[in-house]
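Data first, discussion second: the structure below is written as structure tokens.
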Amino acid sequence: MLEQALVEQFSIGTDRKLFVYLDSQTVEAVENGKVIRTFKVSTGKSKTPTVTGSYYIYDRYRHKTMRSDVDQGQRGFYEVKDVPYTQFFHKDYAFHGAFWHNSFGRAASHGCVNMATKEQNKRWPNVFEDAGWLYHWGALGLTVTVTYKMPEPIKAKHVPAKVSKSTN
């Protein structure tokens, strides 16, 4: 029998979640139930849509070469070296910095969630560093929810109080 408890208290850590809203092309970073940062992104175009559902970050790279599933010379081929702040959340779908465009706020990707980055960005050097911020804030196992639309806020229904008559 133990004379004293081995652990008197513990913490499960900070509760962090990511929400991607395809209709508004935004990401919300939520910490302990509060939105701490919202930023514009570019998700998949209609022919290469971003998946919806609940996922988690399962692999991360400070720099990663991103390639299409089709071979060089075929329609739709791409290869981009040193893509910064890459975080995979489902198969080949990832959050990552995009220095090759500045179209955040509209669908423009092959399915990934593109974010603004200053790294390697010679055309738009004054963009926010959203990709770097997310990479440093996030971690393996971070919950990711991708939906078409932000949920409507729950409104309390007003229920009138019943008036009872006194029988005096």
Task: Computed accessible area, Val70, all protein chains, 1.4 angstrom probe, square angstrom - done: 50
Open item on the list: Defining a contact as two alpha carbons under 8 Å apart and six or more residues distant in sequence, what relative contact order in percent does segment 1-145 show?
Closed with: 26
Task: Relative contact order (percent, whole number), segment 70-123, Cα cutoff 8 Å, 6+ residue spacing - done: 29
TODO: Give the shape of segment 106-146 as rounded, prolate or oblate, defined through the alpha-carbon gyration tensor: a ≥ b ≥ c are the square roots of its eigenvalues, a/c under 1.5 means rounded, and otherwise the shape is prolate if a/b is larger than b/c and oblate if not.
DONE: oblate
Open item on the list: Would segment 6-80 count as rounded, prolate or oblate if I go by the C-alpha gyration tensor, calling it rounded below 1.5 in a/c and otherwise prolate when a/b exceeds b/c, oblate otherwise?
Closed with: prolate
Task: At most 13 other Cβ within 10 Å, DSSP loop - chymotrypsin sites (Phe, Trp or Tyr not before Pro), segment 9-93 - done: Phe10, Phe77, Tyr78
Task: Which label in (i) 1.13; (ii) 1.21; (iii) 0.97 gives the computed Rg/Rh (Cα atoms, Kirkwood Rh) - done: (ii)
Open item on the list: At 7 Å along Cα-to-Cβ for each site, give me the label-to-label distance between Lys91 and Arg106 in nm.
Closed with: 2.7
TODO: For the pairs Lys17/Lys64; Lys122/Lys149; Lys34/Lys122, note any where the Cα-Cα span goes beyond 30 Å.
DONE: Lys122/Lys149; Lys34/Lys122
- [ ] Read phi for every residue in segment 100-112 and hand back ³J(HN,Hα) as whole Hz from Karplus 6.51 cos²θ - 1.76 cosθ + 1.60, θ = phi - 60°, with x for Gly and Pro.
- [x] 8, 8, 9, 9, 5, x, 9, 4, 8, 10, 8, x, 6
TODO: Could you tell me what percent of the accessible area of the chain is made up of carbon and sulfur, with a 1.4 Å probe and every protein chain present?
DONE: 52
TODO: Kindly provide the trypsin sites (Lys or Arg not before Pro) of segment 16-117 that DSSP labels as loop, not H, G, I, E or B, and whose Cβ sees at most 14 other Cβ atoms within 10 Å.
DONE: Lys45, Lys47, Arg75, Lys91, Arg106
- [ ] Scan the chain and report its longest stretch carrying no GluC sites (Glu not before Pro) that are both in a DSSP loop and have at most 16 other Cβ atoms within 10 Å.
- [x] 9-118
Open item on the list: Using the Cα centre of the chain as origin and beta-carbon charges of +1 (Lys, Arg) and -1 (Asp, Glu), tell me which of Tyr61, Thr14, Ile154 is placed farthest towards the positive end of the dipole.
Closed with: Ile154
Task: Rounded to 5, the percent of DSSP beta bridges in the chain classed as antiparallel - done: 75
- [ ] As a check on your grasp of the helix formula, calculate [θ] at 222 nm for the chain: sum -39500 (n - 2.57) over DSSP H runs of n ≥ 4, divide by the residue count, round to the nearest 500.
- [x] -1500 deg cm²/dmol
Task: Solvent-accessible heavy-atom area per residue, rounded to whole Å², over segment 1-109 at 1.4 Å - done: 65
Open item on the list: Using the basic label-point model (7 angstrom from Cα toward the beta carbon), what is the Glu79 to Ile12 distance in nanometres?
Closed with: 4.5
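The values are calculated or read from the model by the stated rules, or taken from the named source; none is laboratory data. Since this is a predicted model, take the numbers as computed values, not measurements. Positions of Cβ are generated from backbone atoms using ideal geometry, with glycine treated the same way; all protein chains shown enter the neighbour counts. SASA here: full protein model, heavy atoms, side chains in, ligands and nucleic acids out. Shrake-Rupley method; radii C 1.70, N 1.55, O 1.52, S 1.80 Å.
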